[in-house]
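Right, one structure below, let's go through it.
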Amino acid sequence: MNYFKENKEKTILAILTFLFSFIVYLDTISPTVSFWDCGEFIATSFTLAVPHPPGSPLYLLIGRFFSMIPFSSDIAFRVNMISPIVSALAVMFLFLIIVQLLKSWGNPQQPLHKIAVYAGAFVGAMTFAYSDSHWFNAVEAEVYAFSTFLTAIVVWLTLVWEEKSDKPRHERYLLIIAYIIGLATGIHLLNLLTIFFIALIIYFKKTKISSIWWLIADIIIGVAVAGLIFLFFLQFRRVTFTVQAMLTLAVVLGIYIPLYRKTINLRLKEHAQNVLMAFAASAVFLVINGGVIRGLPTVADKYGLSVMVLAILAVFGVTGWAIAKKHNLLSLGLICLTLIIIGYSSYMTIFIRSAQNPRIDENDPETTHQAVAYLEREQYGERSFTDIFNRAKWKPEAESKYKRPGVSQSLATWKYFWNYQINYMYVRYFNWQFIGRSIDKVDPFQFFLPFPFLIGLYGLMVHFGKDKNKALSVMALFLFTGLMIVLYLNQDDPQPRERDYSYVGSFFAFAIWIGIGASVIISHLTKLKNEKLRKPLTYVATILLLLALPLNVLRANYHEHSRKGNYVAWDYSYNILQTCEKDGVIFTNGDNDTFPLWYLQEVEGIRRDVKVVNLSLLNTPWYIKQLRDIEPKLSLGGMTDADIDNLGIIPWKKTEVRLTPPPNSALPPLKWELEPTIMGQGLRVQDIMIMQLLEANQWKRPFYYAVTVSQDNKLNMDPFLQMEGLAFRIHPQPVKRINAEKLEYNLNHVYRYRNLNNPKVYFDDNVVKLVGNYRSGFFQLAVEKLYSSDRMMRRSASDRDNVSPQVTKNKAELAAILDSMEVKLPESVLPIGNKEVFLQVGMLYFEGGREEELIRRLHELMGMPGQTIQDKIRYASVFISPLKNYQAALEILEPLESQNKNSPEIAGLLVKAYEEMENIDGAIRVLGDWLKAHPDDHGAAAMKSTYESKKATSKSAKPIGK
């Protein structure tokens, strides 16, 4: 009670920051499963299974707990609820962090001073609450919201320790921090990056330095020295990175510890001290990351579990000895290490559950060797720390953007590093939060003006002016959770999705400066000499800052961040599963056509008879074995574990392949020419296994490709694929492109399209693209109706009277299909982004007897900004044929002609339009103008001559007197 009385305003505002952010998150939370990793995390939480590496065992345990609380019938919603709670708590702790930093300039006592401190902190925290990436993480089942919360609480506890470090028992805060960092390893490793913030806060509290600029210079020099030493140890290729780093650290310490102890030069002594601090922080990071997280499983793999247990017991024993001998500093460090190990022990969940062989068991980490592979993320390819020195990581499809003729490799690499990795993959994301966002671009006017950025920049400058030590500590947090991640990840181009969620820690740090900036602005007004103006201007400034920052950001981001009514992931996955016949096997492409399906099967028990085979995972031995061993099992044709382990890329040239037809059928073997699928030279494991699965299962089970599977993953099997909705069924003989009856039944009677026609529900670009797969089905069905009419007319040319009613019916059905598509997927809600597809829908309507719909679309297209000459030519050609509206075509073409004298397309269409309008003079004029510029065009000359003859004949044929 005493604490509340002494800190009433702070406590109330801290609670309000939690409540205001939580209410908004709850209002906008996803009502069920979302795309990307969410379906996997919910499914593995509910069943305590094993998600993708490196796993998040603590999240799974908490997710399992939430899944059992019956506050909703939807299990996904229950697990989703973790994120708004921890995200709102992160906002609350951000408020407390800003207050803690501002208190170091003077504890607020007077009412106006309290307003300046608490209102400024509230503005900074709530601006972050409604920022783009944090809000995105707050409304779905993902680990990043929890990671931000743990980062926030670690930063806050560090500042509380700094305040109380001169009092007895202050060490308990450091012990709590160590335990939270250990727990955080069971959520996401991003929390380890707070170590450098913690190190600076401790260092500045315990040590006096002459200047932070000397500190920065000393660290740069120390890093350069360490880099040279590391390059030496890098030559020993058989040594792991962890050993190379430890050896480098040992040599650096061997240089700088004696320098610190023996030198009498104060500058050299401080230099050594600064470098030793930086490397002490790095050593702590290495001990946790390399020694505990990766080191303990590696020890178990190489030397046995007993040795790992002995190593842990040795740590516990030495800790007890240090406590007994009252070696305070040593015992504090060892207790922290012990607590980190205890926190890390949540990983036992992964290994214990894997031994139970759940249906989702990624990497199968039930042996020590597989556990190491799991933690090292080996299924994503080998990666070395030294990859950060090689920035040329673009994929072949992006090479043309950076590597061009006449551009050196070093310049291309620099452009790639700066333009893509720094600017596109970090700066752009930073700008989304504090300057504004429009789809995937920066919009400087989303918040009217970039108020969050400007106030944050002001706060940064003020912070460095008033308290350089803590400002540098926050800057370390900002850099290590932002640009340093960019340097380490060395991301290739293109990425499968936006990666802004990875850098929320950096955005969190910048929000601290927003709070400081807002507080300083209010504080200036509290010091006005005019007492009559002081209080009202303080209140006005506070209100304006609330309006310009959190409320403004909330207004701008609300619609795009609301998942209310968004059931797309659930429905899309349900529709994929329902496309499959009983006991079907469906090949899927990636996260969005796999993880939500796992959720439906594992959590809601929907279509568990269908075997989902992810093609990316099909390249790994453990996954192939699980297809064989976990229900519903797939036959691999007698492949043993050794056969599977020996699979790899095989050399391949374009060759005819054969598959056995169904048993007891008269069909011939399935034959087609298979081209190489990797670099034009080989076949991947997934390609080999697709054919092996088809052969081994002898067509006893229906096999499908999801429509999301790319063309190069279908092994040139198009003649044998038949569209039945959101999947292509594989047949043992050539078939028509679509199964019209099945497709129509699925689209109109089976599939669910909840809220896809609701203009109040927001759908992002990813959803709009996926919805294109529904439209593709409707298009295919409409085209089939059109072609069936054409075939009917050709076959029955002699009996048009009897055929005509059926053709009319088909065309009416064609229009009805398109109308059904528009009802389910209205373009006003889910616009067709591709202009040609938009026009083709109109062309289909025209074939269905709805000419006005094509005309409407043409006028809408012509009214859009940014139309190219080719676009206008295309629209004019449609007005000519099939619409026969020649005057409308001329209204487009005649202005174009005057600006594009050398376009044969424009001239040709003009001649065609004039001819159809019987305007021979116009046709002759166009051809004459063309021949002036192209006198050698004999075809145009002959055509002009023909029209002139027609004109002469027409005149001579006129009756006398007319």
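The values are calculated or read from the model by the stated rules, or taken from the named source; none is laboratory data. Please read these numbers as outputs of a predicted model, since none were measured by experiment. Neighbour counts are summed over all protein chains in view; Cβ atoms, including those assigned to glycine, are modelled from backbone coordinates with ideal geometry. For the accessible areas, the whole protein counts, side chains as well, though only heavy atoms, and no ligand, DNA or RNA atoms are used. Shrake-Rupley method; radii C 1.70, N 1.55, O 1.52, S 1.80 Å.
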Return one whole number: the accessible area per residue of the stretch 118-232 in Å², for a 1.4 Å probe. 34
Helix 568-579 versus the longest principal axis of the chain: what is the Cα-based angle in degrees, 0 to 90, to the nearest 10? 60
Please report, as a whole percent, how much of the solvent-accessible surface of the stretch 6-86 comes from carbon and sulfur atoms (probe radius 1.4 Å). 73
Quick one: how many Å² of residue 468 are accessible to a 1.4 Å probe, rounded to 10? 80
Could you calculate the contour length gain from residue 711 to residue 423, that is, 0.36 nm times the residue separation minus the distance between their Cα atoms, to one decimal place in nm? 100.5 nm
The stretch 178-318: mean projected area of Cα convex hull, nm²: 10.3
Chain lengthening between residue 921 and residue 535 when straightened (0.36 nm per residue, less Cα-Cα): 130.7 nm
The stretch 250-274 residues near the modelled residue 210 label - backbone nitrogen below 13 Å, point 7 Å along Cα→Cβ: 264-274
Sorted from largest down, what three extents in whole angstroms do the Cα atoms of the chain have along their principal axes? 124, 84, 61
Per the 1/(1 + (r/R0)^6) rule, R0 = 60 Å and r from the Cβ atoms of residue 316 and residue 641, FRET efficiency to 0.05 is 0.95
The set of residues whose placed amide H lies less than 5 Å from the amide H of residue 704, leaving out same-chain residues fewer than 5 positions away, is 585, 586, 587, 730
Just to confirm the filter: which trypsin sites (Lys or Arg not before Pro) across the stretch 687-734 are DSSP coil and have at most 11 other Cβ within 10 angstrom of their Cβ? 700
If the chain between residue 700 and residue 445 were fully extended at 0.36 nm per residue, the gain over the current Cα-Cα distance would be 85.9 nm
What does the accessible area per residue of the stretch 888-953 come to in Å², with a 1.4 Å probe and no ligands, DNA or RNA counted? 55
Write down the Å³ per residue value for the convex hull defined by the alpha carbon atoms of the stretch 888-953. 71
Expressed in nanometres to one decimal, the distance between label points 7 Å along Cα→Cβ at residue 328 and residue 616 is 5.2
Report, to the nearest whole %, how much of the accessible area of the stretch 567-748 belongs to carbon and sulfur atoms, 1.4 Å probe, protein only. 49
Nonlocal amide H pairs with residue 437, under 5 Å, H built at 1.01 Å: 443, 446
Nitroxide proxy distance, nm - points 7 Å out along Cα→Cβ at residue 735 and residue 9: 7.3
Could you give me the ³J(HN,Hα) list for the stretch 298-305, computed from phi with Karplus coefficients 6.51, -1.76, 1.60 and θ = phi - 60°, whole Hz, x at Gly and Pro? 5, 4, 4, 5, 7, 10, x, 4
Could you pull out every residue, at least 5 positions away or on a different chain, whose amide H is within less than 5 Å of the one on residue 50? Hs are placed 1.01 Å off N in the peptide plane, and Pro or chain starts have none. 360, 361, 362
In percent, how large is the relative contact order of the chain, given Cα pairs closer than 8 Å and 6 or more residues apart? 12
If you rank 652, 930, 161, 213 by how much accessible surface each has, with a 1.4 Å probe, what is the order from largest down? 213, 652, 930, 161
Using only Cα atoms, find the angle between the long axis of helix 171-184 and the longest principal axis of the chain, and express it within 0 to 90 degrees, rounded to the nearest 10. 30
Calc'd 3J(HN,Hα), the stretch 609-615, phi into Karplus 6.51 cos²θ - 1.76 cosθ + 1.60 (θ = phi - 60°), Hz, glycine/Pro = x, comes to 6, 7, 9, 8, 10, 7, 5
FRET efficiency (residue 414, residue 380; Cβ distance; R0 25 Å; to 0.05) is 0.40
Output the 0 to 90 degree angle, nearest 10, between the alpha-carbon long axis of helix 82-103 and the longest principal axis computed from the alpha carbons of the chain. 50
Residues in the stretch 707-736, backbone N under 19 Å from the label point at residue 837 (7 Å along the Cα-to-beta-carbon vector): list them, ranges by number please. 707-712, 723-728
What accessible area per residue comes out for the stretch 554-621, rounded to a whole number of Å², with a 1.4 Å probe? 28
Calculated from DSSP H runs of 4 or more alone, at -39500 (n - 2.57) each and per residue, what is the 222 nm mean residue ellipticity of the chain, nearest 500? -19000 deg cm²/dmol
Exposure of residue 77 as accessible area (Å², to 10), given a probe of 1.4 Å and all protein chains: 40
Over all directions, what mean area does the Cα convex hull of the stretch 320-363 project, stated in square nanometres? 4.0
Could you point to the residue in 546, 511, 501 farthest towards the positive end of the stretch 499-547's charge dipole, with +1 and -1 charges on the Cβ of Lys/Arg and Asp/Glu respectively? 546
Find the Rg to Rh ratio for the stretch 544-632, where Rh is the Kirkwood radius over alpha-carbon pairs and Rg uses the same atoms. 1.25
FRET efficiency estimate (nearest 0.05) - Cβ-Cβ, residue 223 to residue 495, R0 22 angstrom: 0.20
Would you kindly work out the equivalent ellipsoid of the stretch 753-865 from its C-alpha gyration tensor and give its semi-axes, the square roots of five times the eigenvalues, largest first in whole Å? 30, 15, 11
Restricting to Cα pairs below 8 Å that are 6+ residues apart, what does the relative contact order work out to for the stretch 888-953? Please round to a whole percent. 26
